[in-house]
Amino acid sequence: MPRRNDIHRILIIGSGPIVIGQACEFDYSGTQAAKALRADGFEVVLVNSNPATIMTDPELADRTYVEPLSRRYVEEIIRKERPDALLSTVGGQTGLNLSVELAEAGILEKYGVELIGAKIEAIKKAEDRLLFKDAMRAIGLETPQSRLVKNVAAGLEFAEQTGYPCILRPSFTLGGTGGGIAYNREELAEILERGLDLSPVHEVLIEESVLGWKEFELEVMRDLADNCIIVCSIENFDPMGVHTGDSITVAPAQTLTDREYQMMRDGAIRCLREIGVDTGGSNVQFAIDPGSGRMVIIEMNPRVSRSSALASKATGFPIAKIAAKLAVGYRLDEIRNDITRKTPACFEPTIDYVVAKIPKWQFEKFPGAEAALGTQMKSVGEVMAIGRTFKQALWKGMRSLETGKAFGSEKLEKSLISQRLITPTPDRLNYIRFAFQNGYSVEQVRELTSIDPWFLEQVKEVVDLEGELNRLAVETVSREVLAQAKRYGISDAQLARGWNTDELAVRERRKALGVRAVFNRVDTCAAEFESFTPYLYSSYESACEADPSDRKKVMILGSGPNRIGQGIEFDYCCCHASFALQDEGIESIMVNCNPETVSTDYDTSDRLYFEPLTLEHVLNIYDTEKPDGVIVQFGGQTPLTLALPLERLGVPIIGTDPKNIDLAEDRKLFGKLLDDLGVPAPENGTATSVEEACAVAGRIGYPVLVRPSYVLGGRAMVIAYDEEMVRQYMREAVTFSQDRPVLIDRFLEDATEIDVDALSDSEDVLIAGIMEHIEEAGVHSGDSSCVLPAKTLTPQQLGTIEDYTVRLAKALHVIGLMNVQYAIRNGKVYVLEVNPRASRTVPYVSKATGVPLPKIAVGLMLGRKLREFSSLTGGRTDGVLTVPQDFVKSPVFPFNKFPGVDPALGPEMRSTGEVMGVGENFGEAFAKAQLSAGTPLPEKGTVFVSVNDHHKAEAVEVARRFAALGFQLVATRGTAAALQAAGLHSKTVFKVNEGRPNAVDLLKAGAIQLAIYTTTGAPAFFDEKAIRRSAVMYRVPCITTMSGARAAADAVEARRRDPIRVWSLQQIHEQKQTAV
Amino acid sequence: MSSAFLALEDGTVFQGRSFGAPAERSGEVVFNTALTGYQEVFTDPSYAGQIVILTNPQIGNYGTTPEDSEATRPYIEGLAVREFSPITSNWRSDEDARRFLAKHDIPIISELDTRALVRHLRAQGVMRGVLSAIESDARKLVEKARRIPRMAGLDLASRVSTTATYSWNEPVEACSPSEHIPPAPEPRFHVVAYDFGIKHNILRRLVQAGCRVTVVPALTAAEDVLELAPDGIFLSNGPGDPEPLETQVSNVRKLIGKKPVFGICLGHQILGLAVGGRTYKLKFGHRGANHPVINRLTERVEITSHNHGFAVDPDSLNLNEVEITHVNLNDQTLEGFRHRHHPVFCVQYHPEAAPGPHDSHYLFDDFVKLMENEQ
């Protein structure tokens, strides 16, 4: 059954913005699918609202739409493009749900679009809990006892029968959103109420507890000829009870005999056949009772999933690519295994190493959220590590996490051990290590954690060795012991800490003793066949398989695990760096440890090192490869922290000198540079003590912005309105030192903030975009919507910004990319921050301008000049690039995952992802962006307005526009009075602490469709927080700035005025090309 | 921590940690790439005369259990692994894997760079070797390795075969309350199985398919087999080179056309020789649980379990007499054929799995159908 020739044009739906539970693994899968289909001669039409993805690069599809993933907009795309087929299985749950919606609304039928990958019946059977349970029973697979309930009473009745704890899973939500474990009646009622609310169909599955059971996943593929293979088995270190996305997971499964594994394999294949997944990949999850061996099936996803991405990286078997090929008719045995070249893809990969995935959490960004892990996924990213043994993989993985604390220096409390072992938290593994250090036995830890003793034994072996090592010294350690430590995965840095020396001393000693890292290949076949893809990981084995070439080569340091403030945007830049190098005929070497990304696909770069981004590992690769240059400016903060140490060791960093990158972070040097250039900045100072901080703040005047140096994403950044807040911050919130002082700036209230991205070869400077933020200064730039082109700036202000940017780029000898943040207050332009490196906005600006910024930046770093790239920049080598339409970028927040957290925006970044809206006017683009961000603006209904005194005049104007659009107004007393005084009809509603019904009651009752709520600037009061929380819970857009409110009014007006229309990036930039 | 050495005939010597019996054993050094099923590998008589490298780096994790043995004792000569678990974790385990081998004086070398060793064998072909936990003079070990007999030309099948005829009626037992294996039907057919090193799961699978099995020694004469009034004859797997097995081949030749015949692995090779074909030694064999085999009759791909160092040369077969039914998609080697005129078929791989995927269980039913047709 070869390729189908009856279909030509295929629509791929992406997964939208990065959110918890759905991250860049779907950029990876969508990118692979698009590449595979186009390589086969199919035309690909792609839609995804997320501009930071590789998949939305215009080169990857024939038509690329960065448009809302909503039925109306995708229908318009289908109407315009007339695809023959829709591939539903590579865009995560979002892509699958939207495909179902399009099918059920009859849109696919209307335009003759065939659903390929998974059929609608199969999707429903897999996704609908009851249908799934019945289907599994029919094929002899057990599921945990369960009942689907639509109200709290029915849930309580079920729990009376089966007993507590029980598991709650709302239907059709991402990453288990709204789910949980209830240990008693009260918890059950609370979680159930929330889950019913969050489920789009208001259904929750209540389930018998299989807490503590062993948890497994199998990645299965099936073709139209019914050939089935298991790509990978995965065993969870954390047993049932912790969401798989929040579990440490291990491939291959470690504790199953062949009999048990085959029982599971048979079950998984039966499941796929029964559900009716005709082609493609699925993952099937099982639990096994460690006492009796009873096995239950938990769920299956009839699509490419997060685990598929992990399995692909863990084995070298590209699931999404193969799934795309199967969907267009190929059989598994007709597809070649890229790695061995000789053998077909119809086989089961076998591996001779162990892979560990560890999630990364950021509870510190969400004060008030309980850091406990359960059935709802809360991690924001993950790392994967490959080792020859589990121990080596686990220890490598732990140091890939970049927790900010040196591994082994965590502060742990002896008295908390049993509590922390019983209740899973992000710290559990550290507490397990700590328990062993304190003499706990494997059996004791197993009793408390239910973690399989095999895993615990492995951890204990390393902990025991760590104990022995600490009694030695760098001068006296023997070759054997050192080799053992390295084979166990212990880092030089950790050894150095134990021996009171620095990691380079350990490195020297290690090399002197002949203990060196070698590299092994990921080859899908445990060395049975030769591999042709240099996909490598380090180990301390006897032979090195790196086999470096003697070509000219450049190494790119990636951005590590996704986290808030450093996500897919940087992976986008790294991938482009790699593509650009290959275009230049230079070998590209990628180093990264994030399994979700496109950069860790084995065919993105010439060579891939799946390694932690630490000095030790990067030096090992450097020593082996001897690259001609290393790129550090594309991967965010992670590689930048390595830049100076690497440069000191003679590693050739290309592009902007790391010293100049560092200079921009050094307040004193940078302040002097600004003075010399005559570029104004808000008054500022630095402090290394509480008293000094108060003195500096007092001198420059409140409010002040206080933050630590060297962070990304506004980590631990606050606006302090008085001395008490400064004191509290210095005491509690931040660590500082002589090297790393606290930075204090005058905070410019009500200023307009501007982001600028520019390209520079240090002679010419080309400004790629001047982005105007929609929220005022004070909201982190990553959390603010912004628009290209700027809307309210005067030509004179734009000129000033251009002038400053050019002066800064030249002064810092920027070669490559630079980002500058400005604020405009009372007409005056101030520089807030300069980052001579790739920024979060690079992909957005690239897509809006149609100019591939990272590609040009790489050329500049290789020594070429901007004028050599004039064919890519529309002939421009200076000035500012133009954009042919309005492009709005909006952030997406994870607040619905963190009950109890105040969703107010501030200087600390908390968004996980972003979307882009395209329009002929600002309102249209903003409306699309808000829709894509999951906070669609209402077209009618009631607007709730409550603003502080100095916003009242502006609020009246905005309210007038909403009233003119036919909206009802409700306001709190003071605001209502202002509205009424201006002749607007407004109802009055109580504040939360004034009585009932209050604003929260109205939100709950669905009587409010839009909330405009500005704070007084002081710390959040209970009232404000309650309103913002309720708005998040009940999915009412809540706007907390006046500029945001005006934008919302523009958007609603546009929505009323303009038709539903869509533009592909190719179309937008063709128009531009003809205009130039 | 005591050392162990694995010395190869080409002079390569690997040092590791002795983790098993303080013993020295020799044999052909081969590697198996399966991720599960080390106990089945230890106890598969086809590994007689071989030192086995397991490419899965974590071995011993789940211990051993009597139900998972493929014979009454382990047959491997020695075991080479990257890491051997000091503890056992599985609800079915009643003995740790190290003791399981130690009881039979089988040495284990662990902490070994198995990947480097496998790459060496992949490039150079399998070779003779000595695994020693008692001798540390590398030169002596290499000398010993050069003195042991080569696998080619070796009749190991007769050596591991049963000496007495016995009957077998145990079906497949479930490994978990959640494994639903239908009860074995009342036996309708009598199968006589030649034991060239037969795996228990073949016998269990035959019972499961509705057979009563009589197992006979490898050198049982064809006439004596027919005397037992079988409905079908089964030719088992086994170790060593098929070519010296002239008696067995001539017995099988006499049985073709008399009764339905089904052969697995060595049984397949013997049938290949019996119909006039040739066998040859593979460079490094097929040992694993992930080989794709296409069934030319159904065009379906099966993921199959393999353990063989020799193969039947498809070019040596008279295609007017036999039809090729199964081919390995990795290297196009012959994996199965059937006779065009007689009820005879065979496969090179292991449909009984143990260890490995269950994709090919249907072949036991095919055998039963063949016997049904003959009645």
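Values in this text are rule-based calculations from the coordinates and carry no lab data. Note that the coordinates shown come from a computational prediction; the quantities given were computed from them, not determined experimentally. Here Cβ is always computed from backbone atoms with ideal geometry, including for glycine, and neighbour counts include all displayed protein chains.
Considering every pair of different Cα atoms, what Kirkwood radius, in Å, is found for region B:157-373?
Numbers: mean 1/r = 0.0586 Å⁻¹.
Evaluated on region B:157-373, it is 17.1 Å.
In terms of distances greater than 30 angstrom between alpha carbons, the cross-link table entries A:791/A:855; A:378/A:405; A:150/A:928 yield A:150/A:928. Put a dot 7 Å past the Cα of residue A:202, heading toward its Cβ, do the same for residue B:362, and the two dots end up 4.9 nm apart. Take each residue in B:25-33, count the other chain C-beta atoms within 10 Å of its C-beta, and the mean is 2. Each residue in B:3, A:491 was given a count of other beta-carbon atoms within 10 angstrom of its own, and listing them fewest first yields B:3, A:491.
Please compare each pair in A:313/A:342; A:414/A:486; A:357/A:659; A:411/A:1004; A:360/A:940; A:396/B:140 to a cut-off of 30 Å on the Cα-Cα distance and tell me which ones are over it. Write down the numbers at each step before the final one.
Working: A:313/A:342 20 Å; A:414/A:486 28 Å; A:357/A:659 34 Å; A:411/A:1004 42 Å; A:360/A:940 41 Å; A:396/B:140 40 Å.
Cα-Cα > 30 Å for A:357/A:659; A:411/A:1004; A:360/A:940; A:396/B:140; rest within.
In terms of other Cβ atoms within 10 Å, A:391, A:313, A:357, A:1025 run from fewest to most in the order A:1025, A:391, A:357, A:313.
Estimated at 0.36 nm per residue, the fully extended path between residue A:40 and residue A:468 surpasses their Cα-Cα distance by 148.4 nm.
If the only charges are +1 at each Lys and Arg Cβ and -1 at each Asp and Glu Cβ, what is the size of the charge dipole of chain B around the Cα centre, to the nearest 20 debye?
Numbers: 37 positive and 47 negative charges, 161 e Å.
My answer is approximately 780 debye.
Please sort B:236-247, B:4-15 by packing, taking for each peptide the average over its residues of neighbouring beta carbons within 10 angstrom, highest first. Let's see the in-between values first.
Details: B:236-247: 22.7, B:4-15: 20.8.
Result, highest mean Cβ count within 10 Å first: B:236-247, B:4-15.
A simple spin-label model places pseudo-atoms 7 Å from Cα toward Cβ; at residue A:623 and residue B:318 they are separated by 6.5 nm. With a ≥ b ≥ c taken as the square roots of the eigenvalues of the C-alpha gyration tensor of chain A, please select rounded if a/c is under 1.5 and otherwise prolate if a/b is larger than b/c or oblate if it is not? Rounded, because the longest to shortest axis ratio a/c is under 1.5. As a calculated quantity, the FRET efficiency between residue A:813 and residue B:134 at R0 = 51 Å, using C-beta atoms, amounts to about 0.15. Computed on chain A, with alpha-carbon pairs under 8 angstrom and 6+ residues apart, the relative contact order is 10 percent.
With both residues required to sit in region A:496-631, DSSP beta bridges show an antiparallel share near 25%. The H on the amide N of residue A:382, modeled in the peptide plane, is under 5 Å from the matching H of A:360, A:562, each at least 5 residues off or on a different chain.
For residue B:159 and residue B:95, the FRET efficiency from 1/(1 + (r/R0)^6), where r spans their Cβ atoms and R0 equals 30 Å, is about 0.70.
With neighbour counts taken as other beta-carbon atoms within 10 Å, the residues A:762, A:599 rank, fewest first, as A:762, A:599. Which of rounded, prolate, oblate describes region A:832-938, given a ≥ b ≥ c as roots of the alpha-carbon gyration tensor eigenvalues and a/c under 1.5 marking rounded, otherwise prolate only if a/b is larger than b/c? Since a/c reaches 1.5 but b/c is at least a/b, the shape of region A:832-938 is classed as oblate.
Short-range pairs are left out: with C-alpha atoms under 8 Å and at least six residues apart, the relative contact order of region B:3-147 is 38 percent.
Under 1.5 on a/c is rounded, so check that first for region A:490-573, then, if it is not, pick prolate when a/b is larger than b/c and oblate when it is not; a ≥ b ≥ c are the square roots of the alpha carbon gyration tensor eigenvalues.
Values: a/c = 1.94, a/b = 1.11, b/c = 1.75.
Here region A:490-573 falls in the oblate category.
Set the Förster distance to 60 Å, then compute FRET efficiency between residue A:988 and residue A:688 from the Cβ-Cβ distance, nearest 0.05.
Working: r = 51 Å, r/R0 = 0.85.
The calculated FRET efficiency here is 0.75.
Relative to the Cα centre, the charge distribution of region A:957-1067, modelled as +1 at Lys and Arg Cβ and -1 at Asp and Glu Cβ, gives a dipole magnitude of about 200 debye. Considering only alpha-carbon pairs that sit under 8 angstrom and 6 or more positions apart, the relative contact order computed for region A:376-503 is 26 percent.
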